[in-house]
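> I am attaching a structure below and will ask some questions about it afterwards.
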Amino acid sequence: MRLTTTIVAGGLVLALTGCGVAETAGQVSNAASTAAVCADAVRIATANPDLTNPQAAADKAHAAADELTGLASKAANTTAADAINGLAKTLRETTVDDLVQTPADWLKKKADHVTALTQACAG
């Protein structure tokens with residue numbers, strides 16, 4: 001009877017240890033996933049628009065917003081996802097007038113969101 005109890009207890013310890021390993025592996029996987037999503041988001045966000053062609057630049061900003069929204073849905077870290085969505089919102093709302101009349105303001109707003117994104121991804 002003792003042998004059976006010892007074997008069952010040992011199996012239970014192994015099972016619980018395995019759960020801990022699986023949980024840790026999941027956390028590492030989520031961190032790697034978020035790092036990859038963040039790297040893609042920063043790459044998309046830091047692409048320089050051609051402000052000499054405001055319509056093309058606005059179209060590119062809207063396309064980047066769509067890409068970022070897709071990335072945000074893949075981020076395991078909600079803080080990073082929120083930062084990506086904030087940046088996507090700014091890019092989605094970009095108008096030709098923003099790029100013609102106040103390009104410096106638009107670039108600053110975009111840069112502020114990129115800074116928030118990099119901070120969210122680092123934390």
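The values are calculated or read from the model by the stated rules, or taken from the named source; none is laboratory data. Owing to the predicted nature of the structure, the values given are computational and were not obtained by experimental measurement. So basically every Cβ, Gly included, is an ideal-geometry build from the backbone, and we count neighbours across all protein chains shown. Just the protein is used for accessible areas: all its heavy atoms, side chains included, with ligands, DNA and RNA removed. Shrake-Rupley method; radii C 1.70, N 1.55, O 1.52, S 1.80 Å.
> Calculate, for region 37-108, the solvent-accessible area per residue in square angstrom, rolling a 1.4 angstrom probe over the heavy atoms of the protein chains.
Details: 3820 Å² over 72 residues.
Per residue, region 37-108 has an accessible area of 53 Å².
> What is the sum of charges, Lys and Arg at +1 and Asp and Glu at -1, for the other residues whose Cβ falls under 14 Å from the Cβ of Cys121? If you can, show how the numbers build up before the last one.
Working: positive: Arg43, Lys74; negative: Asp40, Asp82.
So the environment of Cys121 carries a net charge of 0.
> Could you give the Stokes-Einstein D for region 74-123 in µm² per second, using the C-alpha Kirkwood radius, 25 °C, 0.890 mPa s? Before the final figure, lay out the partial values.
On the way: Rh = 11.4 Å.
Translational D for this selection: 215 µm²/s.
> Next question, about the same structure. Sorted by accessible area with a 1.4 angstrom probe, largest first, how do Ser33, Ser73 fall?
Details: Ser33 45, Ser73 95 Å².
So, going from the largest accessible area down, we get Ser73, Ser33.
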